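The values are calculated or read from the model by the stated rules, or taken from the named source; none is laboratory data. Please read these numbers as outputs of a predicted model, since none were measured by experiment. Note that each Cβ is placed from the backbone with ideal geometry, even for glycine, and that neighbours are counted across all protein chains shown. The accessibility values were calculated without ligands, DNA or RNA, using every heavy atom of the protein model including side chains. Shrake-Rupley method; radii C 1.70, N 1.55, O 1.52, S 1.80 Å.
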Amino acid sequence: MCETSTTMTYYPIMLQLKGKYCVVIGGGKVANRKVTSLLNAGAIVTVISPVLHEKLQEKWRNDLITWFQKSFEASDLEDAFCIIAATNHPAVNAKVKECTMSHQLLNIVDDAVSSNFIVPATLRRGDLTIAVSTAGANPGLAKKVKDDLTLQFDDYYEEYVAFLQSARTEVLTNVIDEIRKKQILEALLLPEFLTLTKEGKIAERDKLFQHYLQRGIAPWQ
Ligand SMILES: C[C@@]1(CC(=O)O)c2cc3[nH]c(cc4nc(cc5[nH]c(cc(n2)[C@H]1CCC(=O)O)[C@@](C)(CC(=O)O)[C@@H]5CCC(=O)O)C(CC(=O)O)=C4CCC(=O)O)c(CCC(=O)O)c3CC(=O)O
Ligand SMILES: NC(=O)C1=CN([C@@H]2O[C@H](COP(=O)(O)OP(=O)(O)OC[C@H]3O[C@@H](n4cnc5c(N)ncnc54)[C@H](O)[C@@H]3O)[C@@H](O)[C@H]2O)C=CC1
């Protein structure tokens, strides 16, 4: 048994890509998956590829992306904040690496070692993001763990996180006493609020929160 991992220790971050110029080289199935997540993050996406996967064609027809129907050239990378090399030719992907400046973000879909970032499997429930990575050891496992988590973090988490956000804002705005503030913030994460959200008892949940906010003691304590 191997005792220590030989894989890279990555630094996980949440990247703000809104309005950032991103270039994807290649227009196949994998490129389409990467483009979809870039667009979801609000990036401005250009695809360089002689041929486009039908889902990318649809995005292009809907003006969601720019497409240059051609093979890769070094000048395609000018001004790019983020670059994804997703062709089916390792030599072309390696050329993209060669032409990338050290300050640019680069993901090469067939070469994690030469990339300066890799993409985790991601589960979203409103503002809750769960990102799973195996550092490239087994991307299929990252996807499987994420898929398994969809059961535990079901759709109602979206409503739950929205409630927690507005309740937290209310506490931070209205409760001056630091000890009480800390107590209420801790109590917000007790299972009662999650259970009531899951059962769709929204009015009851909000009443419970208001009661606690005003009285300072949770009724169940
Ligand atoms: C290093 C990394 C670079 C990067 O792409 O960032 C990379 C590399 C490679 N993936 C390969 C294969 C597969 N990748 C997937 C799926 C995903 N791959 C993703 C990420 C990553 N893949 C990064 C590491 C992530 C990590 O480990 O933390 C996910 C999580 C995110 C995303 O792509 O958005 C997305 C799931 C999205 C979702 O559904 O949630 C599947 C399963 C499937 O498609 O159903 C398979 C087939 C099964 C298998 O091989 O495991 C191959 C071999 C290609 C070949 O055979 O030629 C390479 C190349 C290599 O290993 O060198
Ligand atoms: N990172 C990941 O999650 C995964 C990575 N892969 C890797 O991704 C590669 C791509 O896979 P697919 O998208 O399924 O392949 P694909 O064959 O569907 O797409 C390849 C695309 O690259 C384009 N292309 C080829 N030469 C080019 C050039 N010189 N300049 C610009 N574009 C060019 C083609 O026109 C095509 O659109 C695979 O070879 C594999 O190594 C595969 C599965 C998952």
What is the dipole size for the range 156-215, taken about its Cα centre, with +1 at each Lys and Arg Cβ and -1 at each Asp and Glu Cβ, in debye to the nearest 20?
140 debye
Can you give the Rg to Rh ratio for the range 52-109, taking only C-alpha atoms and Rh from Kirkwood?
0.98
Quick check for you: which residues of the range 162-188 have the amide N under 20 Å from the point 7 Å beyond the Cα of Asp206 toward its beta carbon?
162-175, 185, 188
To the nearest Å, what is the center-to-center distance of the range 10-70 and the range 143-221, using C-alpha atoms only?
37 Å
Would you mind working out the accessible area per residue for the chain, using a 1.4 Å probe, and quoting it in Å²?
64 Å²
Rounded to the nearest 10 Å², what accessible area does Glu158 have for a 1.4 Å probe in the complete protein model?
110 Å²
Given the alpha-carbon gyration tensor of the chain, what are the semi-axes of its equivalent ellipsoid in whole angstrom, ordered largest first, with each equal to the square root of 5 times an eigenvalue?
43, 20, 17
Rounded to whole Hz, the Karplus (6.51, -1.76, 1.60) HN-Hα couplings of the range 81-98, x for glycine and proline
7, 9, 10, 10, 9, 10, 7, 8, 10, x, 5, 5, 4, 5, 5, 4, 4, 4
Extreme residue, positive dipole direction of the chain, given options Thr66, Gly140, Gly200 (C-beta unit charges):
Gly200
What residue among Ala187, Tyr160, Leu172 has its Cα farthest toward the positive end of the dipole of the range 151-199, where the charges are +1 on Lys, Arg and -1 on Asp, Glu, each on the Cβ?
Leu172
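Quick one: dipole size for the chain, taken about the Cα centre, charges +1 on Lys/Arg Cβ and -1 on Asp/Glu Cβ, in debye to the nearest 20.
140 debye
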Please check which bits of the range 152-193 a label hung off Glu199 would reach, taking the label as a point 7 Å along Cα-to-C-beta and the cut-off as backbone N under 14 Å.
191-193
Exposed-loop cut sites defined as trypsin sites (Lys or Arg not before Pro) in DSSP loop states with at most 15 other Cβ within 10 angstrom; longest site-free run of the chain spans 71-200
Taking the chain as a Gaussian network, Cα atoms linked when under 10 Å apart, which of Asp147, Asp177, Asp63 shows the biggest mean-square fluctuation?
Asp177
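First measure r as the distance between the Cβ atoms of Asp63 and Leu15, then evaluate 1/(1 + (r/R0)^6) with R0 = 25 Å and state the FRET efficiency to the nearest 0.05.
Between Asp63 and Leu15 the formula returns 0.55.
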